[in-house]
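Quick notes on the structure that follows.
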Amino acid sequence: AVISPISRIDDLAENKTYVFCKDDSPGPVCEKLYHKLRAIQYGDEPDPYGWVTVLD
């Protein structure tokens, strides 16, 4: 898992809907974070904290 954009939240208890994205596409911050995290996972970006562990 990397990151999943949220387009809306339905609050059934309060009968409210909160819409964050009207066209169902991720915003620029979400896209940038997605690409950065994937690059770290694939070893294309440095992992300065040593969080990535390669499994054989």
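Some notes on this structure:
- Exactly one residue among 2, 29 is of a type in the set (A, V, I, L, M) and assigned to a helix (DSSP H, G or I), and that residue is 29.
- Checking 50, 43 one by one, the residue that is in a loop (DSSP other than H, G, I, E, B), surrounded by 10 or more Cβ atoms within 10 Å (Cβ to Cβ) and of a type in the set (Gly, Ala, Ser) is 43 and no other.
- Hey, residue 56 free of Cβ contacts under 8 Å to residues at least 40 places away in the same chain and assigned to a strand (DSSP E or B) or not: no
Taken together, the values in this text are just the output of simple stated rules run on the coordinates, not laboratory data. Small disclaimer: the values here were computed from a predicted structure and weren't measured. FYI the Cβ positions are ideal-geometry reconstructions off the backbone, even for glycines, and counts take in every protein chain you see.
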